[in-house]
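Asker: Quick one: the structure is below, and I'll ask about it shortly.
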Amino acid sequence: MPEARKAILGQIRSAIGRDALADAAAAALDARRPTHTRIAFEDALVERFIARFTSRSGTVERVASLLDVPAAVEAYRQQHGLPARAAIARPLAGLPWPADFAHHPGPAGKDEVLSVTACLAAIAEMGSLMLASGPDSPTTLNFVPDHHLIVLHETQIVRHFEDAWAILRACPGGMPRATNIVSGPSRTGDIELTIQLGAHGPRSVHVILVR
Amino acid sequence: MKVSSPQFKEKSVIALADPRLRQALGQSRKGFVNKRAELVGELPEFEQLRDEARDLKNHVLDNLDHYLERYEAAVTAAGGHVHWARDAEEARSIILNICQRVNAKTITKGKSMVSEEIGLNEALEAKGYTVVETDLGEYIIQLAHEPPSHIIAPAIHKTKEQVSELFETAHGGPRKSTVADLVTEARLVLRDKYFQADVGITGGNFLVAETGSSIIVTNEGNGDLTQTLAKVHIVTSGIERIVPTLEDVALFLRILARSATGQETETYTTLSTGPRRPDDVDGPEEYHVVLVDNGRSKMLGGKFQDMLRCIRCGACMNHCPVYGAIGGHAYGWVYPGPMGAVLTPLFVGLDATYDLPNACTLNGRCESVCPVRIPLPELLRELRHMQYQQGIRPPGEQRALGAWRFVAERPRLYQFANRLAARVLKGLGGRTGRIGSLPFASAWTDSRDMPAPEGKTFLELWQAKPR
Ligand code: SF4
């Protein structure tokens, strides 16, 4: 609705009491890169990430190398009594998965119970993971299955949101369609403020942290 | 949404007389308040962050036209569509047109206060669409056919037992009695809906001018399932929700959850930038943003501009003694509590909302917790001043009579109001009088810490009398 657009912008300008910004003023605004106060902390990034992430019922397990991931996933699967089937994001498909383990790269369908994905980064300040959608990392893997296992390398942990934004800005295709910052399992407090995990998204988010 | 603010006093009486409401409100709000205090205490930077958030919002409002244009260009570059809506009707018709064009049947919805503001569900349902709220709280009140009573905890007024009843009726038995079982039941029911949905509608906590991204901040993951699985994703958001850059988003992410639910962060923060890309295997095929003005641009540059800084965190209502006593429904429109007492008169008119700015003790707790430092008490005082200037007076004898009739026709309420009145008046050393002069005007704001009941009504004395 072009008239609506014009009317709204016009009303805004008359309320502010000026015309559209001149080019120079607009360019100055576009060049603005604010530096807001960041949350200071002294702990090492890995420790901070683990402490904050697990404070919201996320779980973390540390392994020595990427090649240990299939065994960690298999142990998790057996511990939770899950079938030998998972949606595994393509970049991880080449790992030595057990022969009887059925896996596909997604998207995740309604009955998917387990997914294993990589991530773009982790942010230490509040203990969050950052995942980006793409052909090799469908968003449904992050939300549909009951159990979401995420492979994270220690070197992927950055300090603040601002550091994560730098990674986003460097993505080859520009901003990903969906960027999911995940800070634990799905939860709700909508019934009497009683926290209950697994409202709609994963009941369990388990990080396999590779040294 | 229909406005029932003129019935503020009547609704307050009902609220005060509802023990289940008081039980639900009491438990929940205490949780929010305590958790916020704890987290804020752990964060030495918090007050500084509030200053920066206030200043940033002011900067955005001073340059709102510019940032809106930049945002629109970025959304378009990412393959999305921006629609501008001057008012609620325009917003509804934009959304209805999209739904019609894509032949939608089922529409899922993440939580969005703007969608309540524009009365979207009623409009969609009137056209025969199946509309499913997927946020657990919103789902509960949708089943109860009620409006939200809190902006971030819409079903805060419901007890677990009431939710059990609603679910049993809606889903068929067996009746679930634990929170865990109730949540699981909703999870299973709604799971099918996400996969069926043609259109998924969400709100937008922030719109990023730099990247053209809309952001939702949630705990449940329902908004993400809604927007990922539907064929078309529609975002509804107020024009004031723009932030210039991702750096500015970081600032708000540091204060939003702490102020709102007393969490360090909500579970999910999702940035959506355009529709599914050519090689993507999931995600919506279309991505639309409806920018809703609906009176906001008129607040710019005036006495109430500060209100446009609101990030809808709910802290002001969590800390408001009046909201704590009567809950959100009495406010009669979409936005309750202190922020609602300012916004409702501005959006729907001073006349119909006389009581809202006056239902405030000016205790200042709301302002002291507002993350963007909105001077809520000052704005409420300003509204009172405007009412006075425009000759809008408290509802007179007519209203008093109306209120009396309303209460008198409901025997249990009448007895409660009488008991309340008797006690309050005893405390004040007065004499019992007409119901219309009771128990409000001055006494009702104190109802949270009512003096120990010593006064008895005639009926109570009669019933207690040994016979
Ligand atoms: S007025 Fe302030 S405290 Fe209230 S909802 Fe808005 S931002 Fe939060």
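Asker: Looking at this structure, is residue B:149 farther than 13 Å from residue B:111 by Cβ and either open to solvent by 30 Å² or more (accessible area, probe 1.4 Å) or within 16 Å of the ligand (Cβ to nearest atom) (or both)?
Answerer: Numbers: farther than 13 Å from residue B:111 by Cβ: yes; either open to solvent by 30 Å² or more (accessible area, probe 1.4 Å) or within 16 Å of the ligand (Cβ to nearest atom) (or both): yes.
Spelling it out, residue B:149 is indeed farther than 13 Å from residue B:111 by Cβ and either open to solvent by 30 Å² or more (accessible area, probe 1.4 Å) or within 16 Å of the ligand (Cβ to nearest atom) (or both).
Asker: Starting from the range B:363-388, keep only residues that are within 14 Å of chain A (Cβ to nearest Cβ), then list their pairs with residues that are basic (Lys, Arg) and within 11 Å of the ligand (Cβ to nearest atom) whose Cβ atoms are within a distance under 8 Å, requiring at least 6 positions of separation or different chains.
Answerer: B:371/B:50; B:372/B:50; B:372/B:54; B:372/B:57; B:372/B:309
Asker: What tally of residues in the range A:187-211 results from selecting those that are assigned to a loop (DSSP other than H, G, I, E, B) and either open to solvent by 30 Å² or more (accessible area, probe 1.4 Å) or in contact (Cβ under 8 Å) with a residue 40 or more places away in the chain (or both)? Give the steps one after another, and end with the answer.
Answerer: Pass one, the range A:187-211, residues assigned to a loop (DSSP other than H, G, I, E, B): A:189-195, A:198-203, A:211.
Now restrict to residues that are either open to solvent by 30 Å² or more (accessible area, probe 1.4 Å) or in contact (Cβ under 8 Å) with a residue 40 or more places away in the chain (or both): A:192-195, A:198, A:200-203, A:211.
Qualifying residue count, the range A:187-211: 10.
Asker: State all residues of the range B:209-224 that are within 7 Å of chain A (Cβ to nearest Cβ) and within 30 Å of residue A:26 (Cα to Cα); if no residue qualifies, say none. Spell out how you get there, then give the answer.
Answerer: Pass one, the range B:209-224, residues within 7 Å of chain A (Cβ to nearest Cβ): B:211, B:213, B:219-222, B:224.
Residues satisfying the conditions are B:211, B:213.
Asker: Quick one: which strands (runs of 3 or more DSSP E) lie wholly within the range A:24-118 and hold at least 1 residues that are within 14 Å of another protein chain (Cβ to nearest Cβ), touching a Leu at 6+ places or on another chain (Cβ under 9 Å) and open to solvent by 40 Å² or more (accessible area, probe 1.4 Å)? Working first, answer last.
Answerer: Details: elements: A:59-63, A:85-88, A:102-104, A:114-117.
Ranges flagged: none.
Asker: Being in contact (Cβ under 8 Å) with a residue 12 or more places away in the chain and in contact with a Pro (Cβ under 9 Å, 6 or more places away or on another chain) is the requirement here; does residue A:107 meet it? Working first, answer last.
Answerer: Details: in contact (Cβ under 8 Å) with a residue 12 or more places away in the chain: yes; in contact with a Pro (Cβ under 9 Å, 6 or more places away or on another chain): yes.
Judged against the criteria, residue A:107 is a match.
Asker: Still on this structure, I have one more. So, in the range B:357-368, of the ones that are within 14 Å of the ligand (Cβ to nearest atom) and crowded, with 16+ Cβ neighbours inside 10 Å, which residue ends up farthest from residue B:318 (Cα to Cα)?
Answerer: Keep residues of the range B:357-368 that are within 14 Å of the ligand (Cβ to nearest atom), which gives B:360, B:364-368.
Those left that are additionally crowded, with 16+ Cβ neighbours inside 10 Å: B:360, B:365-367.
Working: B:360: 14, B:365: 10, B:366: 8, B:367: 12 Å.
This residue is B:360.
Asker: Please specify each residue of the range B:44-54 satisfying the condition of being surrounded by 15 or more Cβ atoms within 10 Å (Cβ to Cβ) and more than 7 Å from every other protein chain (Cβ to nearest Cβ). Break it down stepwise before answering.
Answerer: Filtering the range B:44-54 for residues surrounded by 15 or more Cβ atoms within 10 Å (Cβ to Cβ) gives B:45-46, B:49-50, B:52-54.
Scanning the range B:44-54 gives B:46, B:50, B:53, B:54.
Asker: If you don't mind, there's one more thing I want to ask. Any idea which of (1) in a helix (DSSP H, G or I); (2) more than 22 Å from residue B:388 (Cα to Cα); (3) more than 14 Å from the ligand (Cβ to nearest atom); (4) of a type outside the set (Val, Ile, Thr) is the one residue B:317 doesn't satisfy?
Answerer: The number of the failed condition is (3).
Asker: Looking only at the range B:369-386, count how many residues are more than 11 Å from the ligand (Cβ to nearest atom), within 14 Å of residue B:302 (Cβ to Cβ) and open to solvent by less than 10 Å² (accessible area, probe 1.4 Å). Explain how you work it out, then say what you get.
Answerer: Initially, the range B:369-386 is screened for residues more than 11 Å from the ligand (Cβ to nearest atom), giving B:377-378, B:380-386.
Next cut, within 14 Å of residue B:302 (Cβ to Cβ) only: B:378, B:382-383, B:385-386.
Adding the requirement that they be open to solvent by less than 10 Å² (accessible area, probe 1.4 Å) leaves B:383.
The total comes to 1.
Asker: Follow-up question, since we're still on this one. In the range B:297-311, how many are away from the ligand (no atom under 13 Å from the Cβ) and either buried (at least 22 other Cβ atoms within 10 Å of the Cβ) or of a type in the set (Ser, Thr, Tyr) (or both)?
Answerer: Going through the range B:297-311 one residue at a time, the tally reaches 2.
Asker: Which ones in the range A:141-157 are of a type outside the set (D, E, K, R) and either without any contact (Cβ under 8 Å) to a residue 40 or more places away in the chain or within 13 Å of residue A:114 (Cβ to Cβ) (or both)? Don't jump to the end; show me each part of the working.
Answerer: Narrowing the range A:141-157 to residues of a type outside the set (D, E, K, R): A:141-145, A:147-153, A:155-157.
Scanning the range A:141-157 gives A:141, A:142, A:144, A:145, A:147, A:148, A:149, A:150, A:155, A:156.
Asker: Next question. Since residue A:179 meets every condition but one in (1) touching a residue at least 24 places away in the same chain (Cβ under 8 Å); (2) outside any strand (DSSP E or B); (3) within 7 Å of another protein chain (Cβ to nearest Cβ); (4) of a type in the set (S, T, N, Q), which condition does it not meet?
Answerer: Checking residue A:179 against (1) touching a residue at least 24 places away in the same chain (Cβ under 8 Å); (2) outside any strand (DSSP E or B); (3) within 7 Å of another protein chain (Cβ to nearest Cβ); (4) of a type in the set (S, T, N, Q), the one that fails is (2).
Asker: While we're here: Are any of the residues in the range B:71-82 under 25 Å from the mean Cα position of the chain (by Cα), modelled with pLDDT of 95 or more and at the interface with chain A (Cβ under 8 Å from one of its Cβ atoms)?
Answerer: no
Asker: With more than 16 Å from the ligand (Cβ to nearest atom), closer than 30 Å to residue B:245 by Cα, within 11 Å of chain A (Cβ to nearest Cβ) and open to solvent by less than 20 Å² (accessible area, probe 1.4 Å) as the only criterion, which of B:98, B:140, B:94, B:118 stands out? Walk me through how you get there before you give the answer.
Answerer: Details: B:98 fails: within 11 Å of chain A (Cβ to nearest Cβ); B:140 fails: closer than 30 Å to residue B:245 by Cα; B:118 fails: within 11 Å of chain A (Cβ to nearest Cβ).
From the options B:98, B:140, B:94, B:118, the qualifying one is B:94.
Asker: Keeping to the range A:69-112, report how many residues are under 15 Å from residue A:142 (Cα atoms) and either of a type in the set (Val, Ile, Thr) or touching a Gly at 6+ places or on another chain (Cβ under 6 Å) (or both).
Answerer: 2
Asker: Still on this model: Return the residue satisfying two criteria in turn: it lies in the range B:253-296 and is more than 16 Å from the ligand (Cβ to nearest atom) and among the aliphatic types (A, V, I, L, M), and of such residues it is most open to solvent (accessible area, probe 1.4 Å).
Answerer: Per the stated criteria, the residue is B:281.
Asker: Same structure again: Checking the condition of a type in the set (A, V, I, L, M), touching a residue at least 40 places away in the same chain (Cβ under 8 Å) and more than 20 Å from residue B:111 (Cβ to Cβ), which residue from B:209, B:230 passes?
Answerer: Result: B:209 is the single residue among B:209, B:230 that is of a type in the set (A, V, I, L, M), touching a residue at least 40 places away in the same chain (Cβ under 8 Å) and more than 20 Å from residue B:111 (Cβ to Cβ).
The values are calculated or read from the model by the stated rules, or taken from the named source; none is laboratory data. Predicted model, so just to flag it, every value in this text is computed and none were measured. Here the Cβ is made from the backbone with ideal geometry for all residues, glycine too, and neighbour counts use every protein chain on show. To get the accessible areas, we keep the full protein, side chains included, count just its heavy atoms, and leave off ligands, DNA and RNA. Shrake-Rupley method; radii C 1.70, N 1.55, O 1.52, S 1.80 Å.
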